[in-house]
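The values are calculated or read from the model by the stated rules, or taken from the named source; none is laboratory data. Please read all numbers here as calculations on a predicted model, not as lab measurements. For neighbour counting, all protein chains shown are included, and Cβ atoms are generated from backbone atoms with ideal geometry for every residue, glycine included. Surface accessibility is based on the protein's heavy atoms, side chains included, excluding ligands, DNA and RNA. Shrake-Rupley method; radii C 1.70, N 1.55, O 1.52, S 1.80 Å.
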Amino acid sequence: MWFYASGHGIMLVMIKSLFIANWKMHKTNPATTQFVRALKQIFLPADQVVVICPPYTALPIMQQELTGSTIVYGAQNMHWANEGAYTGEISPEMLQALGCSYVIIGHSERRRDYNETDETVQRKVAAALHHGLVPIVCVGESLDERNHDETMAVIQRQVSIACHGLLPTDVARLVFAYEPIWAIGSGQAATPEYAATVHTLIRQLTRPEVTIIYGGSVNADNIGQFMQQPSIQGALIGGASVEVESFQQLLAGSTINRI
Ligand code: 13P
């Protein structure tokens, strides 16, 4: 639990740590059922929020298995429109009807492979909020940008456009996931200090209440070090979230260094 002092005076905000599993394109529905049933048997401390983001096809399984559970779930993407001639797309209303609480927006794999831009991210963020979904807004620099000392400028641009047109009360509801592209799936996580510097910038650009988590090669061995940084409030996890054993170990490891 952490407390923040804002520029507008002392603001006390109780923050839970947030661990989001991004399964990407992994798991059939039988495998999903098996995972979720095993996860439900695991003790999760009350200050940990666990979110599973499976492929769309597994969302009905989530609804079936997790209704009434403290474990929540969300999608990995969505369109901003409610319905229409958008072959292959999924709308916020459809996610809402499946009981989703969260939706990942602007993951770097979507920015890279499916033409997501800062502007489409902005439209999706606004649509998600409008439908009561919490957007998990992914931001992060490429290796080339890092090597050219452009990290802070890239983050500033991505965060500012994602928040464009939102009321401060809406910004306060966002989750930002700082995922340096070079750290994703590479086994080369950012150092906790480096990530913390970027998290501090994101907070300065937004609101004291936003939740900011780190993603990129997070595992059971390094999560404790990330969680020691007061500005890091959780993690967005790819590879280590796909098997229940490694995910459980990561969740257990996250509390080791916490007060
Ligand atoms: P890895 O944890 O596999 O590096 O993936 C991170 C990620 O992209 C989560 O969204």
Requested in this report: Would you mind telling me the antiparallel percentage of the DSSP bridges in the chain, rounded to 5?
Outcome: 10 percent
Query - Long-range amide H partners of residue 104 with built H, under 5 Å - result: 75, 76, 77, 136
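Solvent-accessible area per residue for the stretch 190-252 at a 1.4 Å probe radius, Å²?
Spelled out: the 1.4 Å probe surface of the stretch 190-252, per residue, equals 35 Å².
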Query - Rounded accessible area per residue of the stretch 110-172, 1.4 Å, Å² - result: 51 Å²
Query raised in the report: To the nearest 20 debye, what is the magnitude of the charge dipole of the chain about its Cα centre, counting +1 on the Cβ of each Lys and Arg and -1 on the Cβ of each Asp and Glu?
Result: 520 debye
Report summary line: Note, residue 80: beta-carbon cut-off 13 Å, +1 each Lys/Arg, -1 each Asp/Glu, net -3
Query raised in the report: In the full protein assembly as shown, how much of residue 56 is accessible to a 1.4 Å probe, in Å² to the nearest 10?
Result: 70 Å²
Query raised in the report: Per residue of the chain, what 222 nm ellipticity follows from adding -39500 (n - 2.57) for every DSSP H run with n ≥ 4, rounded to the nearest 500?
Result: -10500 deg cm²/dmol
Requested in this report: Could you run the Karplus curve 6.51 cos²θ - 1.76 cosθ + 1.60 with θ = phi - 60° over the stretch 236-250 and give me ³J(HN,Hα) per residue in whole Hz, x for Gly and Pro?
Outcome: 10, 10, x, x, 6, 9, 7, 9, 5, 5, 5, 5, 4, 4, 5
Requested in this report: For the stretch 44-60, just list the computed ³J(HN,Hα) in residue order, Karplus coefficients 6.51, -1.76 and 1.60, θ = phi - 60°, integers in Hz, with x standing in for Gly and Pro.
Outcome: 10, x, 5, 8, 10, 9, 10, 10, 10, 10, x, x, 3, 4, 8, 4, x
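Given a 1.4 angstrom probe, I'd like the percentage of the accessible area of the stretch 42-100 that is carbon and sulfur, rounded to a whole number.
That fraction is 58 percent.
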Requested in this report: Roll a 1.4 angstrom probe over the protein heavy atoms and tell me the percent of accessible area of the stretch 177-259 that is carbon or sulfur.
Outcome: 50 percent
Report summary line: Restricting to lysines and to Cα separations under 19 Å from residue 124, and discarding same-chain partners fewer than 8 apart, the set is 24
Query - Percentage relative contact order, the chain, counting C-alpha pairs under 8 Å, at least six apart - result: 18 percent
Query raised in the report: Under 5 Å between amide H atoms, partner at least 5 residues away or on a different chain: which partners does residue 215 have, H built in plane at 1.01 Å?
Result: 178, 179, 236
